[in-house]
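Below you'll find the structure, written out as structure tokens, and then a few comments.
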Amino acid sequence: MDRFIDSIEWIAAFFVGVVALNTFTAVFMRKFFAVTIPDYYNFGQFLLGILIFWGIAATSYRGTHITVDLLWANATPKYQRLIDVFATLVLLFVVTVQTYTLFDKVMNTRAEHIVTMDLQIPIWPFFLVSWIGDVSAVLLIAIRTYRLIFHPEDIHDVKLKTAE
């Protein structure tokens with residue numbers, strides 16, 4: 001299971017590189033050669049969307065995203081675990097609904113044959129890759145929820161000191 005989790009994190013990291021490469025190439029070509037890459041802005045938008053959804057998947061499992069939680073920090077370990085389970089269940093519900101609505105967006109975009117401006121490339125595959133990232137987030141959040149409830153020792157969260 002940890003290999004699956006790590007592979008999703010590597011995919012998210014790959015898309016960070018792709019977004020950076022797209023931006024660097026577009027700026028470099030425009031600055032030094034006065035050439036604009038067709039649809040680079042659209043590709044940048046779609047790749048950023050993909051990055052966001054895969055990033056949600058990567059951060060949702062590890063629990064290493066930025067949090068500010070004074071109640072949790074001052075609770076006993078038992079209540080910290082209860083808060084973690086509740087918060088993860090809420091996150092699972094929200095991301096599941098988001099995944100459902102994003103799938104609807106993928107299907108509508110495909111049915112309407114929406115394409116990019118310059119190269120006339122269909123945009124639904126970009127939405128599909130974003131949706132797969134969202135599905136990965138749901139899977140990882142479900143795994144995290146299961147581990148929090150039944151195997152809390154398998155969770156590798158960053159250990160924080162309680163507030164004083």
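The values are calculated or read from the model by the stated rules, or taken from the named source; none is laboratory data. Everything quoted here is computed from the prediction, not taken from an experiment. Backbone-built Cβ (ideal geometry, glycine too); neighbour counts: all protein chains shown. Ligands, DNA and RNA are excluded from the accessible area calculation, which covers all protein heavy atoms including side chains. Shrake-Rupley method; radii C 1.70, N 1.55, O 1.52, S 1.80 Å.
Tabulated data
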read-out: All positions within region 14-29 that are open to solvent by 30 Å² or more (accessible area, probe 1.4 Å) and free of Cβ contacts under 8 Å to residues at least 24 places away in the same chain; value: Phe14, Gly17, Ala20, Leu21, Thr23, Phe24, Thr25, Val27, Phe28, Met29
read-out: Residue match in region 73-88 (condition: over 21 Å from Val135 (Cβ atoms) and among the hydroxyl-bearing types (Ser, Thr, Tyr)); value: yes
read-out: Filtered residues of region 90-103 (kept if open to solvent by 70 Å² or more (accessible area, probe 1.4 Å) and in contact with a helix residue (DSSP H, G or I) (Cβ under 6 Å, 6 or more places away or on another chain)); value: Phe103
read-out: Residues of region 30-55 that turn out to be hydrophobic (A, V, I, L, M, F, W, C) and either open to solvent by 50 Å² or more (accessible area, probe 1.4 Å) or modelled with pLDDT under 90 (or both), as a count; value: 7
read-out: Members of region 112-128 found to be exposed (fewer than 15 other Cβ atoms within 10 Å of the Cβ) and assigned to a loop (DSSP other than H, G, I, E, B), listed by number; value: Glu112, His113, Ile114, Met117, Asp118, Leu119, Gln120
read-out: Condition check for Thr109: open to solvent by less than 70 Å² (accessible area, probe 1.4 Å), modelled with pLDDT of 90 or more and among the hydroxyl-bearing types (Ser, Thr, Tyr); value: yes
read-out: Conditions (1) over 23 Å from Arg147 (Cβ atoms); (2) surrounded by 12 or more Cβ atoms within 10 Å (Cβ to Cβ): number failed by Trp72; value: (1)
read-out: Qualifying residue in region 47-67 (condition: of a type in the set (A, V, I, L, M, F, W, C) and over 15 Å from the mean Cα position of the chain (by Cα)); value: no
read-out: Pairs, first closer than 17 Å to Ile52 by Cα in region 114-127, second among the β-branched types (Val, Ile, Thr) and open to solvent by less than 50 Å² (accessible area, probe 1.4 Å), C-beta under 8 Å, six or more apart; value: Ile123/Thr109; Ile123/Thr116; Trp124/Val106; Trp124/Thr109; Phe126/Ile50; Phe127/Val106; Phe127/Thr109
read-out: Subset tally (residues that are more than 13 Å from Ile121 (Cβ to Cβ) and within 18 Å of the chain's Cα centre (by Cα)) for region 33-44; value: 1
